[in-house]
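Since the structure comes first, as structure tokens, the remarks are kept for the end.
The values are calculated or read from the model by the stated rules, or taken from the named source; none is laboratory data. The shown structure was predicted, so the numbers you read here are calculated from the model rather than taken from an experiment. Cβ coordinates were reconstructed from backbone atoms using ideal geometry, including for glycine residues, and neighbour counts include every protein chain displayed. SASA here: full protein model, heavy atoms, side chains in, ligands and nucleic acids out. Shrake-Rupley method; radii C 1.70, N 1.55, O 1.52, S 1.80 Å.
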Amino acid sequence: MTAGAGAGMRALRDNFSDAQVIRKPAVTSAAGIVAAQHKKAAQAGAEVLAAGGDCVDAAIATSFALGAVEPWMSGVGGGGVMVLYRARERRYEVIDFGMRAPQGLVLADFALTGEGAASDLFPWPRVVGDRNIHGPGSIAVPGVVAGMELAHQRHARLPWKELLAPAVRLAGEGLLVDWFTTEIVASGAADLRRYDASRAAYLIDGLPPAAMWGIRSEVRLPQANLAATLAALAASGPRDFYEGDLAARIAAEVGAAGGYLSRADLAAYRAVLRAPLAIPYRGAQVMATPELTAGPTLAHALRVLERTPGVGAGAGPDAGAYIAYALALQEAYRERLKGMGDADGRRALGAEHLAPACTSHFSVVDRDGNMAAVTQTLLSIFGSRFTLPSSGILMNNGVMWFDPEPGRPNSLAPGRRCLTNYTPVIAAAADGRMLAVGASGGRRILPAVMQLLSLTLDYGMDLDAAIHTPRIDASEGAIVIGDVRLPAAVRAALAARFDYAEARVQTMPMKFACPSAVARSGASNSGATEIAQPWADAVTH
């Protein structure tokens, strides 16, 4: 980091009050709990639990509701993965609904400019017209609907149509504009204005919408097309997205705009049931996602941490523990970045650059102890920034996950699976406590998940204590970022050992990941979400 950059970071940090305290208490209940990045989506899931639904029913309702109230993070135009725990059978499973590059993708259309790195999430060489970053050419085959379809087939108690009803209702109400909506839309406005349907959906007179000052006034962005699409999907069933009228319209509109996603791509897509990656850790068992996720990198980091003496001593992490966190993460990331891609022998690796929070994670526990940890994403905020005109679906930009330079392990190619940073996990402590956790935040996800696991498994913290304990981030190469709330002795030790910088826990832009977690101890459940995310909440029924 240059001296100027360091001074700029300090100046931004020093703009804010040192006296402000942010807290968001964990929720505790004998009933089920949904912890999600938007309160209304969590409420939708909790209502399903109250109606007698299983944990998986609640997860499906929450997933579709998030696409209506937080459409720039995830939705039916994206992909993801879920980790499930079935309490009666004590069985874990992973449903992988990650994205793929379209089979008809034309490599010649992604010529390099020779002008350096792209300006979005990854340090790839820049492509002419940023075709891999936004627009119809950046769209990969979406998997969310197929993932929820497979989960419903395996475990749901309630009809598909009932589970989509909250999302239909929320989309029909329109997207409520508050200050956070304005901030998010403003961050993507430069590219949203390029595409007619996106400009119409998210901008007013070409500008980000602003919340009204009046106490009884409100602004809403209509989502009539999305509401109609979700209603049709509820009535027709999930295969309509891949094989029916909706699939035909999706493929036609992407193709007409110059993209590659075809009816054949959609018809061939299926979510995949996988065995979880089992990670033993100090008497506990952490069940993570395998293959092209950050799960294998988490396994590496936990192996390093397990060998480090002193971690777990005392009531909470000391300077030595935070140094151990940083070293474990740095070693795991070095290994991760040696290779990457959907190729033999390289399915556990990735080359993702630092990314903003452009994903949504939620966790669910029901009264019977069943659990779900679900991460879903469009990749970038607003994904491709391309909204389908007739359906109102905001599509992903999964093609950007690939290196556009030929001859690399993760080079762009038709049909390839996308690399991801997400790592939802479900952990069982030696004393029987259970934890389901994950986060949004690109490369920052793994450090957050690892530290929350350590806080709960090594130090025995409950969710309220763990979610309020300051964390570090060590996903930026040599730089270690510390929360300014860390004790002075910890900050001094980190500064003496690493290229160290500090940041505040803040809403926008977030400098740390945004976790959502649920836990179970005996017959008591708890839930918590990131304290600085203003919409995130844990809701019981």
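Each residue of the stretch 98-114 was assigned a 3J(HN,Hα) from its phi angle through the Karplus curve 6.51 cos²θ - 1.76 cosθ + 1.60 (θ = phi - 60°); the sequence is x, 8, 10, 6, x, 5, x, 4, 9, 4, 5, 6, 10, 5, 7, 7, x Hz, with glycine and proline shown as x.
Spatially close Lys pairs in the chain, defined by Cα atoms under 26 Å apart and a spacing of eight or more places or different chains, total 8. Sorting the segments 205-213, 269-277 by their mean number of nearby beta carbons within 10 angstrom, highest to lowest, gives 269-277, 205-213. Each residue of the stretch 461-476 is assigned a 3J(HN,Hα), and the resulting list reads 5, 7, 5, 4, 5, 5, 6, 9, 7, x, 10, 10, 10, 9, 9, 9 Hz, derived from the Karplus form 6.51 cos²θ - 1.76 cosθ + 1.60 (θ = phi - 60°), x at Gly and Pro. What a 1.4 Å probe finds exposed on the chain is 54% carbon and sulfur by accessible area, rounded to a whole percent.
Think of each Lys and Arg Cβ as +1 and each Asp and Glu Cβ as -1; about the Cα centre, that makes the dipole of the chain roughly 520 debye. The GluC sites (Glu not before Pro) found in the stretch 189-285 that occupy coil by DSSP, while having at most 13 further C-beta atoms within 10 Å, are Glu218.
Determine the dipole magnitude for the stretch 370-511: charges of +1 sit on the beta-carbon of Lys and Arg, -1 on that of Asp and Glu, nothing else is charged, the reference point is the Cα centre, and the result goes in debye to the nearest 20. Don't skip to the answer; put the middle values down first.
Numbers: 13 positive and 11 negative charges, 62 e Å.
I would put it at about 300 debye.
Toward the positive end of the charge dipole of the stretch 145-242, about the Cα centre and with charges on Cβ (Lys, Arg +1; Asp, Glu -1), which of Met148, Ala171, Gly214 goes farthest? Result: Met148.
Listed peptides 394-401, 358-365 appear in the order 358-365, 394-401 once ranked by packing, highest mean of other Cβ atoms within 10 Å at the front. Working ranking of peptides 446-456, 185-195 by packing, defined as the average number of other Cβ atoms within 10 Å per residue, highest first, is 446-456, 185-195.
Just flag the trypsin sites (Lys or Arg not before Pro) in the stretch 86-152 sitting in loop per DSSP whose Cβ has no more than 14 other Cβ atoms within 10 Å. Present the calculation step by step, with values, prior to reporting the outcome.
On the way: sites: Arg86, Arg88, Arg90, Arg91, Arg100, Arg126, Arg131; in loops: Arg88, Arg90, Arg131.
Sparse-neighbourhood loop trypsin sites (Lys or Arg not before Pro): Arg88, Arg90.
Residues whose amide H lies under 5 Å from that of Leu175, counting only those 5 or more places away or on a different chain, are Leu221, Gln223; hydrogens are built 1.01 Å from N in the peptide plane. With K and R counted +1 and D and E -1, the other residues having a Cβ less than 15 Å from that of Gly438 yield a net charge of +1.
Here Cα extents along the principal axes in Å was calculated from the structure, and among [x] 112, 52, 51; [y] 192, 120, 77; [z] 60, 57, 57 it sits at label [z].
Once the 1.4 Å probe is applied to the protein heavy atoms, the stretch 393-541 comes out at 26 Å² accessible per residue.
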